[in-house]
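Readers should treat all values here as calculations from the given coordinates under stated rules, not as data from a laboratory. In this text the structure is predicted, and so the values were computed from the model without any measurement. Cβ sites come from the backbone with ideal geometry, for glycine too, and all protein chains shown count toward neighbours.
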There are 2 protein chains.
Amino acid sequence: MENIIDLAARVGQALKQRKLLMATAESCTGGGVAQAVTEIPGSSEWFDCGFVTYSNASKTDLLNISEALIAQHGAVSEEIAAAMAEAAVANSNAQVAVSTTGIAGPGGAVPGKPVGTVCFGWMVGNKVRTERKVFQGDRQAVREQAVAHALACLVRQLEE
Amino acid sequence: MENIIDLAARVGQALKQRKLLMATAESCTGGGVAQAVTEIPGSSEWFDCGFVTYSNASKTDLLNISEALIAQHGAVSEEIAAAMAEAAVANSNAQVAVSTTGIAGPGGAVPGKPVGTVCFGWMVGNKVRTERKVFQGDRQAVREQAVAHALACLVRQLEE
């Protein structure tokens, strides 16, 4: 897996070339994606803002995701990840967004969603894509892999 | 300086004992405070949400901080740090908040505000406190020291 800071730099370069701003909407990574991209000097040229919507209430309050949608699919779902990415764009000056919602562990597993389950959303070019992955390892390992995956796929989508 | 994760764990313990929820409003640390506290297992019991208001526009859009106040004091000021901490509480379910706004470098210095300048705000028990510090070192070092200081002072204020 490519280094997180290298990935963040590539994201920045791709956004800068395309004159795009990005935003984040993070649950299980808790700000790790925003932290990584803002580690890059000059990131204020292409990073607008991030929403760390850790509680379900904050997903509703900050991102206007309906309680009914969360109840229907569960907070850890591709549907909520998609809604988070869309809302990050809708509620900011960014055109591009990435979102994460998952179960970093050690607690929180539910039937069909083991510890390590992370759902991602990416909004690039008005198109939303989602993915569900199950990462191995402890809480820190799951979160790091989730940050790296969020950035790696964002680079790919920007460079398409 | 105490390890960031140890500080985050102490913040969590203090919040849990007092049945309080916290929020963050970060500019120069870019989500690093939220990332640190959510590294603690079970942080969903005491962490509500975070605002990574990196651009000035996002400080206005997400936290309702007036453009006039930013123009008057500059985004890197104790006045804006105070407003960010208050707004994090006002716009969330949290009772406690910490904010950061600073110049991590290498660019961005202005007269009277060298690289390494970070302004902090803490809202604890309906009281807002602020502080201005100048940290030494490169971008990563400044940001790490800022995250650690934000958490260390939050622990002290919670334990008063």
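With the label put 7 angstrom out from Cα along the Cα-to-Cβ vector, A:Q140 ends up 1.5 nm from the copy partners, going from closest to farthest. Distance from the axis that maps chain B onto chain A is least for the Cβ of the chain B residue given, with the whole Å value, as B:G31, 2.
Relative to the longest principal axis of the Cα atoms of chain B, the long axis of helix B:78-90 lies at roughly 40 degrees. Helix B:139-159 axis versus longest C-alpha principal axis of chain B: approximately 50°, rounded to the nearest ten.
Helix A:4-17 versus the longest principal axis of chain A: what is the Cα-based angle in degrees, 0 to 90, to the nearest 10? Taking the Cα atoms of chain A, the angle to A:4-17 is about 50 degrees.
Taking other C-beta atoms within 10 Å as the exposure proxy, B:C28, A:C153 rank A:C153, B:C28 from fewest upward. Each other copy holds its own label point for B:A57; taking that point as 7 Å from Cα along Cα to Cβ, the gaps run 3.1 nm, nearest first.
Other residues with beta-carbon under 10 Å from the beta-carbon of B:S77 carry, at +1 per Lys or Arg and -1 per Asp or Glu, a net charge of 0. Footprinting exposure proxy ranking of B:K113, A:K19, B:K16, A:K59, fewest other C-beta atoms within 10 angstrom first, gives A:K19, B:K16, B:K113, A:K59.
Working from label points 7 Å from Cα in the Cα-to-Cβ sense, the A:E159 to B:N126 distance is 5.5 nm. Across the range B:8-78, the relative contact order, built from alpha-carbon pairs under 8 Å that are at least six residues apart, equals 31 percent. What is the order of A:R143, B:R129, fewest Cβ neighbours within 10 Å to most? So the ranking, lowest neighbour count to highest, is B:R129, A:R143. For the protein assembly as shown, the spread of Cα coordinates along the three principal axes comes to 51, 48, 33 Å, biggest extent given first. Choose one of B:L62, B:C28, B:A150: the residue whose Cα lies farthest towards the positive end of the charge dipole of chain B (beta-carbon charges +1 Lys, Arg; -1 Asp, Glu; about the Cα centre). Working it through, the farthest residue towards the positive pole turns out to be B:A150.
Taking every DSSP beta bridge with both residues inside the range A:4-159, roughly what % is antiparallel (nearest 5)? Percent antiparallel among DSSP bridges in the range A:4-159 is about 60. Please give the residues of the range B:88-114, grouped as numeric ranges, whose backbone N is less than 11 Å from a label point set 7 Å along the Cα-to-Cβ vector of A:E67. The answer is none, because no backbone nitrogen lies closer than 11 Å to the label point. Basic side chains Lys and Arg get +1 at the Cβ, acidic Asp and Glu get -1 at the Cβ, and with that the dipole of chain A about its Cα centre reaches some 180 debye. Pairwise Cα distances in the range A:4-159 exceed 20 Å for 42 percent of all pairs. Largest mean-square fluctuation among B:A148, B:A90, B:A75, in a Gaussian network model of chain B whose springs join Cα atoms under 10 Å apart, belongs to B:A90. Helix content alone sets the calculated 222 nm mean residue ellipticity of chain A: runs of n ≥ 4 DSSP H residues at -39500 (n - 2.57) each, divided across all residues, give -13000 deg cm²/dmol.
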